[in-house]
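All remarks here apply to the structure that follows.
Bear in mind that the values in this text are calculations on the coordinates, not laboratory data. If you're wondering where the values come from, they're calculated on a predicted model, not measured in any experiment. Virtual Cβ from ideal backbone geometry, glycine too; neighbours counted across all protein chains shown.
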Amino acid sequence: MARMPVRPYHHGDLRSALLASAERTLLEKGVAALSLRELARDVGVSHAAPGRHFKDKRALLDALALVGFERMAEDLDAADSPELPLEARLTELATAYVHFAVSNAELLEVMYSRKHDPDISEQLRAAVEGTMTQFVQIVIDAQERGEIIPDEPWTIALVLGAALHGTASFAAQGTLTPEAAVTGIAPLIHHLLNGLRPRGNER
């Protein structure tokens, strides 16, 4: 029996339909199951049709990664509250990042596994760097107010990003539950900002 299209699409919207089908396949079966031929079958077009938008599986994965980074950027923009004190602002932003990561574990793996491809598009490269931009700006703002040490902002933001991505990875691997990963963000940000050495009154 012929398979019916999973999701109808309007003329000119084949690319979006293919990406939506690819993301469903990624969620349900993993990256190894992705195939342009199978996606064509899922959306009810000829086997050659996806080639008009994606020259090969790598191009499809890069497009999926770009979708992920754009979606993450939207979540981070929505979560950022510049009027909040530094620790609260960072906690809100970091929580949004980790919540996105644990809710989109399969997509996140594609997002970060593609960034070192030698033929990665400039658009995707910019999207990768853009995920750090908001954290870097927060660091710069805080440095101007004397709330963070006057070190290279990208270095400090990288420390923050590594801690958040590590937390998300622990959740993806099952070391932490998604709930524990998200609720652990507030103490994580507190320790990052205050350090682990005892303060004078804590010795």
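Out of all the residues in region 52-79, which are more than 16 Å from the chain's Cα centre (by Cα) and either on the phi > 0 side of the Ramachandran plot or surrounded by fewer than 17 Cβ atoms within 10 Å (Cβ to Cβ) (or both)? Step through it out loud before you land on a result.
Applying the first criterion (more than 16 Å from the chain's Cα centre (by Cα)) to region 52-79 yields 52-60.
Selection gives R52, H53, K55, D56, K57, R58, A59.
Condition (residue is closer than 23 Å to L18 by Cβ, without any contact (Cβ under 8 Å) to a residue 60 or more places away in the chain and among the basic types (K, R)) applied to region 86-94: is it met by at least one residue? So far as region 86-94 goes, no, none of its residues is closer than 23 Å to L18 by Cβ, without any contact (Cβ under 8 Å) to a residue 60 or more places away in the chain and among the basic types (K, R). Of the helices (runs of 4 or more DSSP H) lying entirely inside region 82-183, those containing at least 1 residues that are closer than 30 Å to F54 by Cβ and not charged (D, E, K, R) are 86-103, 105-113, 122-144, 153-173.
Residue-by-condition table, conditions (1) aliphatic (A, V, I, L, M); (2) farther than 17 Å from D141 by Cα:
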| residue | (1), (2) |
| --- | --- |
| K57 | no, yes |
| A63 | yes, yes |
| V67 | yes, yes |
| E70 | no, yes |
| D75 | no, yes |
| T91 | no, no |
| Y97 | no, yes |
| A105 | yes, yes |
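Just one of the listed residues (A49, A88, A101) is closer than 26 Å to L192 by Cα, hydrophobic (A, V, I, L, M, F, W, C) and surrounded by fewer than 20 Cβ atoms within 10 Å (Cβ to Cβ), and it is A88.
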